[in-house]
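Just below is one structure, and these are the notes that go with it.
The values are calculated or read from the model by the stated rules, or taken from the named source; none is laboratory data. Bear in mind that the values here come from a model prediction, so they are computed numbers and not experimental data. Quick reminder, even Gly has a Cβ in these numbers, built from the backbone with ideal geometry, and neighbours come from all protein chains shown.
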Amino acid sequence: MTGLLVKDCLTLVKQMKIFLVIIIVFSIVPGYNMSAFAIVYSALLPMTALAYDERSKWDMLASMMPYRPRDMVLSKYLLGICAVLAAVILSCVAQTVINAVRHTAAEPGFIAGSAVMFCAGLITLSLLLPFMFRFGVEKGRIALFVIVGLAAVAAVFLSGKSEDAASFYASESISLSAVAGVIGAAAAVILIVSVLISVRIYSRKEF
């Protein structure tokens, strides 16, 4: 599993330096909207790794190695989770530094808003990967465009300005943290179901 993750990371760093820099820049730019886009883009990294695997016929080679279908699938999910988490952490650190420089307090609901963005990235990842394992990256591009578009809109809508979100939930007597918890639970369920579906799909593939 570790070897598969290292392979994907080395491939992405070598082939996608500009894309990775864009994600980092979006993560540290002030404002939740840019951070939301960075997190959604981070969720696409496993699809890029899959594209390189298809181009190099990696799956055929891996089938002759002691890797189980579960290992092949989980490595892509772990790559996506780590990428999304890294984008969220970068965003939080950048916002904390900006607040310290400006001598301002963190916006209300900052942590909950970041959690919602993380969940949006996980849901994007969970919806996309089964399509990619089933149809391949080239044929799965339609699902990619549709889901990423919806995820980007949802991420911006759900995160928005944290103080505006906090005001809305306060007016409705709803806790922003509670909403983030519900979304987090839903994201976890979707992720688990997605992994099970992807493992089943990959196990039936012939190389």
field: Condition check for LEU4: in contact with a helix residue (DSSP H, G or I) (Cβ under 6 Å, 6 or more places away or on another chain), over 20 Å from ILE147 (Cα atoms) and at pLDDT 80 or above
entry: yes
query: Given SER203, SER177, which one is among the polar types (S, T, N, Q) and at pLDDT below 70?
result: SER177
task: May I ask you to list pairs of residues, at least six apart or on different chains, whose Cβ atoms are under 7 Å apart, with the first in the range 7-19 being surrounded by 14 or more Cβ atoms within 10 Å (Cβ to Cβ) and the second being modelled with pLDDT of 75 or more and not aromatic (Phe, Trp, Tyr)?
output: ASP8/ALA49; ASP8/SER75; ASP8/LEU79; THR11/ALA49; LEU12/LEU45; LEU12/THR48; LEU12/ALA49; MET16/THR48
message: Six or more apart or on different chains, Cβ atoms under 9 Å: show the pairs whose first residue is in the range 22-37 and over 18 Å from LEU85 (Cβ atoms) and whose second is modelled with pLDDT under 75 and not in a helix (DSSP H, G or I).
response: GLY31/LYS161; ASN33/GLY160; ASN33/LYS161
statement: The correct count of residues that are part of a helix (DSSP H, G or I) and surrounded by fewer than 16 Cβ atoms within 10 Å (Cβ to Cβ) in the range 83-106 is 10
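Restricting to the range 44-70, count the residues that are assigned to a loop (DSSP other than H, G, I, E, B) and surrounded by 15 or more Cβ atoms within 10 Å (Cβ to Cβ). Talk me through it step by step, then tell me what you get.
Of all residues in the range 44-70, those assigned to a loop (DSSP other than H, G, I, E, B) come to 44, 57, 63-68.
Adding the requirement that they be surrounded by 15 or more Cβ atoms within 10 Å (Cβ to Cβ) leaves 44, 67.
Residues that pass the stated criteria total 2.
Being assigned to a helix (DSSP H, G or I) and at pLDDT 85 or above is the requirement here; does ILE123 meet it? Outline the logic, then answer.
Numbers: assigned to a helix (DSSP H, G or I): yes; at pLDDT 85 or above: yes.
Criteria met by ILE123.
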- request: Can you run down the residue pairs with Cβ atoms below 7 Å, 6 or more apart or on separate chains, where the first is in the range 89-103 and among the β-branched types (Val, Ile, Thr) and the partner is modelled with pLDDT under 80 and outside any helix (DSSP H, G or I)?
  value: ILE98/PRO30
